[in-house]
Amino acid sequence: SVTLTLDPLVEGDARAMFEYRSDPAVCRYQSFRPGSLEDVEDFIEGLRNDLFNAPGAWFQFAIRLTASGELLGDIGVHFSVDDPREAELGFTVSPVHQGKGYATEAVIALVDHLFSLLKKRRVYASVDPRNEASIALLRRVGMWKESHDPKSLWFKGEWGADMVFGVLRSEWDER
């Protein structure tokens, strides 16, 4: 049975999103750390102008419990300008909902959608090598490590390492 629903973030999600996105442990490996509730409201408002599947755009979905509609986190997808057959994803789950399989379910649902409906060739995720939970999730869903570049990413005022995990549609279909 489907536990989660992925749908657009709405204005009413701002407070819950601010609470988990501003948590230092949550945003440690992420570029978006809102300084205020208004930052999140502006972020959600800005999503209205983004066309889903538009090259170069990031689109963020809410991850919700289907039964209650409660916001558990968010999952984003970026469509490459260089190769529109590829999509990058990223995910964030509130600490109180981590470790329950929700991120895994959300990632599988989004990757299924990207391959089956949007006919993408490859889906990938960039991850900090210290983010063991995300690396374990990416491996669990069937992605494999494509690269590990030490000191290749300028992030939060310092050079950091970057790992890329990916999967091709043909590999996804065979898993």
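The values are calculated or read from the model by the stated rules, or taken from the named source; none is laboratory data. Nothing here was measured: the structure is a model prediction, and the numbers come from that model. No Cβ is skipped: glycine too gets one built from the backbone with ideal geometry, and neighbour counts run over all protein chains shown. Just the protein is used for accessible areas: all its heavy atoms, side chains included, with ligands, DNA and RNA removed. Shrake-Rupley method; radii C 1.70, N 1.55, O 1.52, S 1.80 Å.
Report, ordered by the first and then the second residue, all pairs with beta carbons closer than 6 Å, sequence separation of six or more or different chains, a first member in the stretch 118-130 that is under 12 Å from LEU168 (Cα atoms), and a second member that is open to solvent by less than 50 Å² (accessible area, probe 1.4 Å) and not in a strand (DSSP E or B).
These pairs meet every condition: LYS120/LEU114; VAL123/VAL111; VAL123/LEU114.
Just to be sure before I move on: is SER80 polar (S, T, N, Q) and farther than 17 Å from PRO8 by Cα in the structure I sent? Walk me through it before giving the result.
Numbers: polar (S, T, N, Q): yes; farther than 17 Å from PRO8 by Cα: yes.
Spelling it out, SER80 is indeed polar (S, T, N, Q) and farther than 17 Å from PRO8 by Cα.
Taking ARG139 as the residue in question, decide whether it is at pLDDT 95 or above, over 24 Å from ALA25 (Cβ atoms) and either surrounded by fewer than 18 Cβ atoms within 10 Å (Cβ to Cβ) or in contact with a Pro (Cβ under 9 Å, 6 or more places away or on another chain) (or both).
It is false that ARG139 is at pLDDT 95 or above, over 24 Å from ALA25 (Cβ atoms) and either surrounded by fewer than 18 Cβ atoms within 10 Å (Cβ to Cβ) or in contact with a Pro (Cβ under 9 Å, 6 or more places away or on another chain) (or both).
Mind telling me which of the residues ARG33, ARG64 ends up being closer than 22 Å to ALA133 by Cα and part of a loop (DSSP other than H, G, I, E, B)? I'd like the intermediate steps shown before the answer.
On the way: ARG64 fails: part of a loop (DSSP other than H, G, I, E, B).
Sole residue among the options that is closer than 22 Å to ALA133 by Cα and part of a loop (DSSP other than H, G, I, E, B): ARG33.
Just to verify a result, which residue in the stretch 20-31, among those that are under 17 Å from the mean Cα position of the chain (by Cα) and more than 22 Å from ILE108 (Cβ to Cβ), is modelled with the lowest pLDDT?
SER31
How many of the residues making up the stretch 157-175 are modelled with pLDDT under 90 and either part of a strand (DSSP E or B) or closer than 18 Å to PHE32 by Cα (or both)?
6
Sort through ALA62, ALA136, ALA67 and tell me the only one that's closer than 25 Å to GLU19 by Cα, among the hydrophobic types (A, V, I, L, M, F, W, C) and over 15 Å from the mean Cα position of the chain (by Cα).
Details: ALA62 fails: over 15 Å from the mean Cα position of the chain (by Cα); ALA136 fails: over 15 Å from the mean Cα position of the chain (by Cα).
Only one candidate qualifies: ALA67.
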